[in-house]
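Let me begin by presenting the structure, written as structure tokens, before commenting on it.
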Amino acid sequence: MGLAALAAGWIDAVVGGGGLIQLPALLLGFPGATPVQILATNKLGSICGTTVSSITYFRRVRPDLSTALPLAGFAFLGALGGALIASMIPKSAFNPIILVVLVGVGIYTLAKPSMGQISALRFSGRSHLVVAALIGLGVGVYDGALGPGTGSFFVFALVGLLGYGFLQASAKAKIANWATNVAALAVFIPMGAVMWKVGLLMGVCNMLGAYLGARTAVARGSGFVRSVFVVLLVAFILKIGYDTYAQFTG
């Protein structure tokens, strides 16, 4: 479990999507846990990593807070709503939903090889902030309700819709992802859904992975982040596609 959290922290810091390692690890390790317990414990581990990576990115990349803060604020609100409906999502729905979203993201990313190499913003002024807020709200709802891949979806939306380079997008995504984790835990903790010992162990490992991942991403730049993003997408599409096939044919 600790090794999965370490890897998840590194991947999440570079490009997002660490939950797609951490969440399956929890599902395999605790088959008797409810979906809400799995989601809540994943959030506890994740917030430790996003705290470290957010600070590292802020110190080294200096993301524009005039965009990052509205993005994070609306992501927080969206995650509150999403966490409230998490208990209504059956475990059997996880894989099909995630698979459809990942395939769409993968096709769009591969069709535009130059996307995200540099920042070329598509909106300015109020329009820019409105789009950022809508991204935060939409991805925040998803994160509160399901969670895996949230960081990747933030990165993808910031690159594909707003025109940021991958490195700048990753820096802003970490701040927004931290906010969604706080919001989800604000709902899950009073419900008593967190498995604390497991979550804290994963949190320590996630922090170490996140620190190493953020430093790697900053040192290697947007091209490296995009490469990791594409490899991660392909790997997860294959894995979740197989799991979905087995789910409906087994």
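In this structure, does Ala93 turn out to be of a type in the set (Gly, Ala, Ser), in contact (Cβ under 8 Å) with a residue 24 or more places away in the chain and assigned to a helix (DSSP H, G or I)? So Ala93 does not fit the description; no. Residue-level check: of (1) modelled with pLDDT under 90; (2) buried (at least 22 other Cβ atoms within 10 Å of the Cβ); (3) of a type in the set (Gly, Ala, Ser); (4) closer than 19 Å to Arg60 by Cβ, Ser119 misses just (2).
Just give me the residues in region 216-238 being of a type in the set (Lys, Arg) and either surrounded by 16 or more Cβ atoms within 10 Å (Cβ to Cβ) or in contact with a Gly (Cβ under 6 Å, 6 or more places away or on another chain) (or both), in sequence order. Arg226 - this is the single residue of region 216-238 that is of a type in the set (Lys, Arg) and either surrounded by 16 or more Cβ atoms within 10 Å (Cβ to Cβ) or in contact with a Gly (Cβ under 6 Å, 6 or more places away or on another chain) (or both). Taking first residues from region 222-235 that are over 13 Å from Ile107 (Cα atoms) and hydroxyl-bearing (Ser, Thr, Tyr) and partners that are at pLDDT 80 or above and surrounded by 17 or more Cβ atoms within 10 Å (Cβ to Cβ), the Cβ contacts under 6 Å between residues at least 6 apart in sequence or on separate chains come to Ser222/Gly165; Ser222/Phe166; Ser222/Leu167. Look at (1) without any contact (Cβ under 8 Å) to a residue 24 or more places away in the chain; (2) of a type outside the set (D, E, K, R); (3) farther than 26 Å from Gly2 by Cβ and you find that Leu137 fails only one, number (1).
In this structure, Tyr108 does satisfy being at pLDDT below 75, farther than 18 Å from Leu167 by Cα and either out of contact with any Gly (no Cβ under 9 Å at 6 or more places or on another chain) or part of a helix (DSSP H, G or I) (or both).
The values are calculated or read from the model by the stated rules, or taken from the named source; none is laboratory data. Note that this is a predicted model, so its numbers are computed, not measured. Cβ: placed from backbone, ideal geometry, glycine included. Neighbour counts: every protein chain shown.
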